Amino acid sequence: MNGFARERAAKSALAAALRDRSGALAPGRWRILDTRSAVLPAPGEGWWAIFSQVERRRGVKRAMLDIRRLLASPRRTDVDGPEAGTDSAHLPVRVLMTKDGGLVGFDRADSTVTHLRRTPLPPEYRQRRRELGEVYAAVEWHLDDEGTLLTEARVPGRPARYWAMADRIALLRVVLELSTARLTRDTPRAPLVADSRAALGALSGEPRWDRVARVAEIVGDVPWVVSHGDLTPENILGHGAEEWGPIDFEDARPAPFFYDALSLAVRDGEMRAALSRGDLAKEWRDLLAAAGVDSSILTPTIAMDVVAVTAAEHHRREHGGDFAYTLASLS
């Protein structure tokens, strides 16, 4: 299948998803920008909505690929919207398609995030979300009875990936401190790589991953807590470490006590560098002391490798992803 045929097929799937979930979207003529995103432009913004998607300063080849995505049909589809009389202020006017074919939508004021899932969230999601609301800045959220329509408020501001370096490192410091504060002597314990032991075993023979396996044997059981599960700089919104809040709790699950904090660093080169050169040594020592783990054995570098292999295994198991590709992207 050639490039245009692939684009057409993927955009047709997105158009079908928009029509299938039209009852939860703002009505009008939606523009399908590429295989994963679509918008309902405000009046007079139709062409700008299209051309703003062409990435600049990325070279001629990348620009040609972007233009091919824009030119491939279908380029628009009509959405009826909900029943008359529905308050449309927070209905999505911009959507992204998720890995499983669901949609994540944003309203025009960027005040609400709407998750339109193809499969229901697990029954334990509500309890995990309530528990995490006591750890991180809580926002209002609502999950319907079927578990497929989730709406959540969002903290005003930009994703943390766009913050200044100093603000991102300050955020990492705050999350390390939050991770420390939630540990008690009653926090349940489990092996460091309990959920990814088989995946780690398959990587044996490489010094890096053999080192992780040895450390896992030495430290034994460590505290496990309910974690956000995908606390990346893309999933934190706000204006800095004093005013922020996470979104997208759909991967919330038990994980090692450092998982959320180091999920931030795995995705951010400057955070990784700050950890490696010891800028956050005190916060790391305090966290491991609270966990009863020797910080000279479980270093930030090894802990980040634990996060990477655990995330890659979760992605493969839950989302059908490519383990090797995900691991490479995280490490």
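Take the residues in the stretch 278-312 that are of a type in the set (D, E, K, R) and within 26 Å of the chain's Cα centre (by Cα); name whichever of them is nearest to Arg208 (Cα to Cα). Here the answer is Asp305. Report yes if some residue within the stretch 282-293 is touching a Ser or Thr at 6+ places or on another chain (Cβ under 7 Å), buried (at least 20 other Cβ atoms within 10 Å of the Cβ) and not aromatic (Phe, Trp, Tyr); otherwise report no. Yes, because at least one residue in the stretch 282-293 is touching a Ser or Thr at 6+ places or on another chain (Cβ under 7 Å), buried (at least 20 other Cβ atoms within 10 Å of the Cβ) and not aromatic (Phe, Trp, Tyr).
Each residue in the stretch 155-177 was checked for being within 16 Å of Asp230 (Cα to Cα) and open to solvent by 30 Å² or more (accessible area, probe 1.4 Å), and 2 of them qualify.
Total residues in the stretch 204-226 satisfying the condition of being loosely packed, with under 14 Cβ neighbours inside 10 Å, charged (D, E, K, R) and closer than 20 Å to Val266 by Cβ: the figure is 3. Of the residues Asp80, Asp107, Asp100, the single one that is more than 24 Å from Ala255 (Cα to Cα), under 20 Å from the mean Cα position of the chain (by Cα) and of a type in the set (Asp, Glu) is Asp107. Within the stretch 124-149, the set of residues being in a loop (DSSP other than H, G, I, E, B) and in contact with an Asp or Glu (Cβ under 6 Å, 6 or more places away or on another chain) comprises just one member, Val139.
Which ones in the stretch 315-331 are in a helix (DSSP H, G or I) and in contact with a helix residue (DSSP H, G or I) (Cβ under 7 Å, 6 or more places away or on another chain)? Spell out how you get there, then give the answer.
From the stretch 315-331, those in a helix (DSSP H, G or I) are 315-319, 323-330; that's our starting set.
Residues satisfying the conditions are His315, Arg316, Phe323, Thr326, Leu327, Leu330.
If you check Arg317, Arg272 for being surrounded by fewer than 20 Cβ atoms within 10 Å (Cβ to Cβ), of a type in the set (D, E, K, R) and within 29 Å of Gly157 (Cα to Cα), only one passes: Arg272.
With respect to Leu121, is the statement that it is part of a loop (DSSP other than H, G, I, E, B), open to solvent by less than 30 Å² (accessible area, probe 1.4 Å) and touching a residue at least 40 places away in the same chain (Cβ under 8 Å) true? Yes.
Quick check, is Arg208 in contact (Cβ under 8 Å) with a residue 40 or more places away in the chain and more than 30 Å from Arg126 (Cα to Cα)? Yes.
Examine the stretch 189-203 for a residue that is over 25 Å from His319 (Cβ atoms) and either open to solvent by less than 30 Å² (accessible area, probe 1.4 Å) or in a loop (DSSP other than H, G, I, E, B) (or both), and state whether such a residue exists.
First, the residues of the stretch 189-203 that are over 25 Å from His319 (Cβ atoms): 189.
Those still in the list that are either open to solvent by less than 30 Å² (accessible area, probe 1.4 Å) or in a loop (DSSP other than H, G, I, E, B) (or both) too: none.
For the stretch 189-203, residues over 25 Å from His319 (Cβ atoms) and either open to solvent by less than 30 Å² (accessible area, probe 1.4 Å) or in a loop (DSSP other than H, G, I, E, B) (or both): absent.
The set of residues in the stretch 243-287 being in a helix (DSSP H, G or I), of a type in the set (A, V, I, L, M, F, W, C) and within 28 Å of Gln127 (Cα to Cα) consists of Ala261, Leu262, Leu264, Ala265, Val266, Leu287.
The values are calculated or read from the model by the stated rules, or taken from the named source; none is laboratory data. The shown structure was predicted, so the numbers you read here are calculated from the model rather than taken from an experiment. Note that we place each Cβ from the backbone using ideal geometry, even for glycine, and neighbour counts take in every protein chain shown. To get the accessible areas, we keep the full protein, side chains included, count just its heavy atoms, and leave off ligands, DNA and RNA. Shrake-Rupley method; radii C 1.70, N 1.55, O 1.52, S 1.80 Å.
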